[in-house]
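Let me begin by presenting the structure, written as structure tokens, before commenting on it.
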Amino acid sequence: MTSKSKRELLRLVERKAFDPVMRAKSQGRTEAEKKKLEHVQKATKAEIDRYRHYGSAEELVTNFKRDLDSTAAKKIHAELRSLHLPTIEDIRDEFERKASELGVAA
């Protein structure tokens, strides 16, 4: 698919899942929560970089689906939930709908 499709899918993931994590503040959290937040923000930054470097919309969709079920991602998702932050699982339906609308299959 076009780079426009990749940009739209990337924008959706960043806006709905990654940006809220990166903007989360540590104030008002316990020391353990602050450490967990720092960890998930570091992991999320790496994810953002990885997603931005995928070569196509199809590659982005394929890896999004893999990230839903990988052991490492499940651990991060659990940490995000404990901090009341969104995960890519939370936007799965919306992401899949958007990919379908754009004609992107993986």
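Derivation of every value follows stated rules applied to the coordinates shown; laboratory data play no part. All values reported here derive from a predicted model rather than from experimental measurement. As a convention, Cβ positions derive from the backbone with ideal geometry for all residues, glycine included, and neighbour counts pool all protein chains shown.
Select from segment 60-90 the residues that are in a helix (DSSP H, G or I), free of Cβ contacts under 8 Å to residues at least 24 places away in the same chain and either of a type outside the set (Gly, Ala, Ser) or in contact with a strand residue (DSSP E or B) (Cβ under 7 Å, 6 or more places away or on another chain) (or both) and list them in ascending order. Walk me through how you get there before you give the answer.
Kept after step one, since they are in a helix (DSSP H, G or I), are these residues of segment 60-90: 60-69, 71-82, 88-90.
Subsequent filtering for residues that are free of Cβ contacts under 8 Å to residues at least 24 places away in the same chain retains 63, 66-67, 69, 71-75, 77-78, 81, 89.
Selection gives ASN63, ARG66, ASP67, ASP69, THR71, LYS74, LYS75, HIS77, ARG81, GLU89.
If only residues of segment 38-58 that are outside any loop (DSSP other than H, G, I, E, B) and either without any contact (Cβ under 8 Å) to a residue 24 or more places away in the chain or touching a strand residue (DSSP E or B) at 6+ places or on another chain (Cβ under 9 Å) (or both) are counted, the one that is surrounded by the most Cβ atoms within 10 Å (Cβ to Cβ) is GLN41.
Condition first: in contact (Cβ under 8 Å) with a residue 24 or more places away in the chain and closer than 15 Å to PHE64 by Cβ. Can you find one or more residues in segment 19-28 that meet it? Before the answer, list the steps.
So the first thing to find is which residues in segment 19-28 are in contact (Cβ under 8 Å) with a residue 24 or more places away in the chain, and the list is 20-22, 24.
Subset that is closer than 15 Å to PHE64 by Cβ: none.
So far as segment 19-28 goes, no, none of its residues is in contact (Cβ under 8 Å) with a residue 24 or more places away in the chain and closer than 15 Å to PHE64 by Cβ.
Tell me whether segment 17-27 contains one or more residues that are under 21 Å from SER100 (Cα atoms), out of contact with any His (no Cβ under 8 Å at 6 or more places or on another chain) and assigned to a helix (DSSP H, G or I). Yes, segment 17-27 has at least one match.
For residues in segment 75-106 being farther than 12 Å from VAL40 by Cβ and under 12 Å from the mean Cα position of the chain (by Cα), which is surrounded by the fewest Cβ atoms within 10 Å (Cβ to Cβ)? Before you say what the answer is, go through the steps one by one.
Just the residues of segment 75-106 that are farther than 12 Å from VAL40 by Cβ, to begin with: 88-106.
If we keep only those that are under 12 Å from the mean Cα position of the chain (by Cα) too, we end up with 88-92, 95.
On the way: ILE88: 21, GLU89: 17, ASP90: 16, ILE91: 18, ARG92: 14, PHE95: 22.
The extreme case among them is ARG92.
Before we move on, is LYS35 surrounded by fewer than 16 Cβ atoms within 10 Å (Cβ to Cβ), farther than 17 Å from GLU96 by Cα and either in contact with a Phe, Trp or Tyr (Cβ under 9 Å, 6 or more places away or on another chain) or of a type in the set (D, E, K, R) (or both)? It would help to see each step written out before you state the result.
Values: surrounded by fewer than 16 Cβ atoms within 10 Å (Cβ to Cβ): yes; farther than 17 Å from GLU96 by Cα: yes; either in contact with a Phe, Trp or Tyr (Cβ under 9 Å, 6 or more places away or on another chain) or of a type in the set (D, E, K, R) (or both): yes.
Criteria met by LYS35.
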